[in-house]
Structures are given as structure tokens and as C-alpha cells.
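Novice: Supplied in C-alpha cells, the structure appears directly below.
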Amino acid sequence: MSAFVFNIAKGRVAELARLTGANDAFIAVLLRTGCEAEATLQDYDSLSALLAGAGNVEASFTGYSRKTLAGVGATVDDSGNRVDVDATDPDWNPTSSQALAKILICYDADTTSGTDADIVPLVGDDFVVTTPDTGLLSYQIASGGFYRAS
């Protein structure tokens, strides 16, 4: 499960996971060390506002790009009285090293023409990697998914 949910996304993640727009997507964004505390991060309403915050710098190591999450889906668990949202684990192939602190899962309603101002941060988690080596860098989404509404 994610460490925190952005205030703007509380109660919305499961709904967004069910959307099947032609150009919408969930994306993973990595933040470098030195980013703001979770209590501050969760107040941002867009990725552009978050990245304009003090110390919130997106990863830029060679081999990094924002990842579109595959396999996003919401599962209703009637016996547990909840909805879990999950996706395939994202990974990168760095060829240079950079210290990382957080992973953000965001919703982009239009991947073809939107901007960072249109991207809504949904959940964030610690992703502390002090010196990623070259090779595969993976974020393992928890077995119950990255979001739970109960």
C-alpha cells in the first residue's frame, strides 16, 4: 500500500482506475532526495505545483522517464468491504546513479496533449535508493495494490 494519499485524490483513485479513456493513464514519477515531507507533499493538487515546491526535483538519471503503469485495475472485495487498486510493477534501466526518495503514482487524463498542470498526484510512497546501479531498478507494488478504499 502507498504511504500516503494526496488530499485531492482521496476517494477518487478507484474511480479513476475504472476509466478507460483512449488517452488517459496512471504514471509513475520518481523524486530525488531532498523533497518535502509527506505532510506537505499531500497538499499539492497538480504535478506542476508539486515540482515547483522547495526541493521537489524529479529524477533525471540516464535511463529515466516517467512510466505509464500497465495492468491498472480496481478489485471490489465484498468480504473485506473494500476496493483495492493495483498495477504491474514499474521498472527502469539506469545507466547512471542518482539518489531517490519517493515514487508518485499520478493520473494523466490526456497523455497526448496534457501538461504537468493537468496531471493529478494520487499516491506517494518511500522509494529510497541511495545509489542505483546500472541494470534493472524496480518498484514493487504491494501485494494488495497501491491504493485501498475501505
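Novice: For segment 4-133, give the magnitude of the charge dipole about the Cα centre (Cβ charges: +1 Lys/Arg, -1 Asp/Glu; no others), in debye to the nearest 20.
Specialist: In debye, rounded to 20, segment 4-133 gives about 140.
Novice: What net charge is computed for the residues neighbouring Y107, neighbours being all others with C-beta under 14 Å from the C-beta of Y107, Lys and Arg scored +1, Asp and Glu -1?
Specialist: Charge balance near Y107 sits at -2.
Novice: Tell me the label-point distance for the pair E58, S96, using the 7 Å Cα-to-Cβ offset, in nm and rounded to one decimal.
Specialist: 1.6 nm
Novice: How high is the relative contact order of the chain, given as a whole-number percent (alpha carbon pairs under 8 Å, six or more residues apart)?
Specialist: 35 percent
Novice: Quick one: 3J(HN,Hα) in Hz for segment 10-16, Karplus 6.51/-1.76/1.60 with θ = phi - 60°, rounded, Gly and Pro as x.
Specialist: 3J(HN,Hα) across segment 10-16, in whole Hz: 4, x, 10, 4, 4, 4, 5.
Novice: So, one more: Multiply the residue gap between I8 and D89 by 0.36 nm, knock off their C-alpha separation, and tell me the result in nm, one decimal place.
Specialist: 26.8 nm
Novice: Another one. Fully extended, how many nm does the chain gain between R18 and R82 (0.36 nm per residue separation, minus their Cα-Cα distance)?
Specialist: Gain on stretching R18 to R82: 21.5 nm.
Novice: In whole Hz and in residue order, list the ³J(HN,Hα) couplings for segment 46-52 that follow from phi through the Karplus curve 6.51 cos²θ - 1.76 cosθ + 1.60, θ = phi - 60°; x for Gly and Pro.
Specialist: For segment 46-52, the Karplus-derived couplings read 8, 5, 5, 5, 4, 5, 7 Hz, x marking Gly and Pro.
Read-outs throughout are calculated quantities, based only on the coordinates presented, and are distinct from any laboratory measurement. Because the structure is a prediction, the values reported are computed rather than measured. Neighbour counts run over all protein chains shown; Cβ positions are idealised from the backbone, glycine included.
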